[in-house]
Amino acid sequence: MVLSAFDTQFYNGLPSIEDADSAFVDRNNIFTKLAPLFAREEYRGVYDVCLIHHHFDLKPGERMISHGSISLPTLPSQESQNDPLIIPERWTAYGDPFEFRKVKSGEEFAPPPPASLLEEFRQQVVLEVWLRSLSVRSAKDLEEGFNMFLKVLCQWTRFIHCPRLKDSDEETNLKPLKNLQILRLDENFLGRDLEYDTARLINTFVNPPAHLSEVHVNGVAQPNPSVIFAIQRFSNLRILLLRQTRTWCDLCNLGCLLALAAPLPKSIVYENGAGLSIHYMEALSSLERLEFVSVTVKAFDDSEVRLGDSEDLNPFAWSGECNDCMETVLASPGFRTHWIALKIGQEQEIEGSEGRKYRFHKIPNLKRVEWHFVEGEVVDVDSDYEEEYEEDEEEFNEISQEL
């Protein structure tokens, strides 16, 4: 046979057998789906499945060719390019050969898999893996997906990523996605228009399915409690991940840029049911299954207040307070003692300035809260987001045109 053009770079980019094996999850489900296909009379004993991997890095022009039980990188000669005894031995799901075999004269061998087999294989495996994760920018995108792939989306989709959602109040109905587990919302574009807040965006997602247990909200520009109250709609939530440009300070009731003294902390961890803003605790107290909350926030070296993951560097059981309130309001030993006791549930209610009441709300099953800090420079946040948004929008349009 004549050996077709071979992409050495593609082969070298394949994973090792160890990495391919580790990535092959849910194998029992996949084997169950494939068994009837390969048990058909025309395919039984002729074709099988394998983990696509590479053995060695090939040099330009080389191919992996097996001779008996040994496979070695081989540089075919001009004559062997037309050698009818060098045949494809393994193919990708799209019918592209990536490993070859040297057979003996007269030896029988399987022909390339027919298009019908490859198509059914892709439907059973490749399409399922592909549709497990969806990226949508509007309710209309998801609706169009339902119109084309309703059955498979309902069955296979586990993860929805919403980058740069369009400014719209149109509802996104999640009910058909009965196996959806993770919802990720990226909202950095909100830096352009803070009137279109995060809570309003979250509220457009309606009828979350029972299996939806993890929500990521990235790029929150104004982390006010209304954002967290909106998350209540995900009643079976177990994991919540937030990425914010500001923290919410319960004491001044504002979203504030976090200024601290160097060295900035990398993380602070709480495992006693505490660690969140009093307002956030109230908003999340109805989520009986919530176990883990992670908040990542920008921090700036622009203050005398030090903070860290130790008792001496975290005397306030910090949960988002701004540096001004830590230097002033919490400087009072009397109020500070009651404030800390409230945040860890030792007191149920305290009174602040001007008779303001603060109440403790327990999140029933909360086991761990993590704060992570990303060092940032004090910049024009709106301008920074605008530039990032335009770059992503240009990239998205280029990909759309290619498709």
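In table form, for the structure just shown:
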{"item": "Count of the stretch 289-323 residues which are more than 27 Å from the chain's Cα centre (by Cα), of a type in the set (A, V, I, L, M, F, W, C) and closer than 26 Å to Gln222 by Cβ", "result": "6"}
{"item": "Subset tally (residues that are open to solvent by less than 40 Å² (accessible area, probe 1.4 Å) and within 16 Å of Val49 (Cβ to Cβ)) for the stretch 127-136", "result": "1"}
{"item": "Evaluation of Glu79 against (1) at pLDDT 80 or above; (2) among the charged types (D, E, K, R); (3) loosely packed, with under 13 Cβ neighbours inside 10 Å (one fails), failing number", "result": "(1)"}
{"item": "Among (1) assigned to a loop (DSSP other than H, G, I, E, B); (2) open to solvent by less than 90 Å² (accessible area, probe 1.4 Å); (3) polar (S, T, N, Q), the one test that Ser105 misses", "result": "(2)"}
{"item": "Test: residue in the stretch 108-119 that is at pLDDT 90 or above, over 22 Å from the mean Cα position of the chain (by Cα), exposed (fewer than 13 other Cβ atoms within 10 Å of the Cβ) and assigned to a helix (DSSP H, G or I)", "result": "yes"}
{"item": "Criterion (within 23 Å of Arg184 (Cα to Cα) and surrounded by fewer than 16 Cβ atoms within 10 Å (Cβ to Cβ)) met by exactly one of Arg359, Arg289", "result": "Arg289"}
{"item": "Subset of the stretch 120-147 (residues that are touching a His at 6+ places or on another chain (Cβ under 9 Å) and not in a strand (DSSP E or B))", "result": "Val136"}
{"item": "Test: Ser267 is hydroxyl-bearing (Ser, Thr, Tyr) and either buried (at least 22 other Cβ atoms within 10 Å of the Cβ) or within 23 Å of Lys357 (Cα to Cα) (or both)", "result": "no"}
{"item": "Yes/no for Arg158 being modelled with pLDDT of 80 or more and either open to solvent by 10 Å² or more (accessible area, probe 1.4 Å) or farther than 24 Å from Cys249 by Cβ (or both)", "result": "yes"}
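Quick grid of which residues meet (1) farther than 18 Å from Arg101 by Cα; (2) part of a loop (DSSP other than H, G, I, E, B):
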position	(1), (2)
Asn28	yes, no
Cys50	no, yes
Ile65	no, no
Leu72	no, no
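The values are calculated or read from the model by the stated rules, or taken from the named source; none is laboratory data. This is a predicted model, so every value here is computed, not measured. Don't worry about glycine lacking a Cβ; one is built from the backbone with ideal geometry, like all the others, and counts go over all protein chains shown. When the accessible area is computed, the model is the full protein with side chains, heavy atoms only, and any ligands, DNA or RNA have been set aside. Shrake-Rupley method; radii C 1.70, N 1.55, O 1.52, S 1.80 Å.
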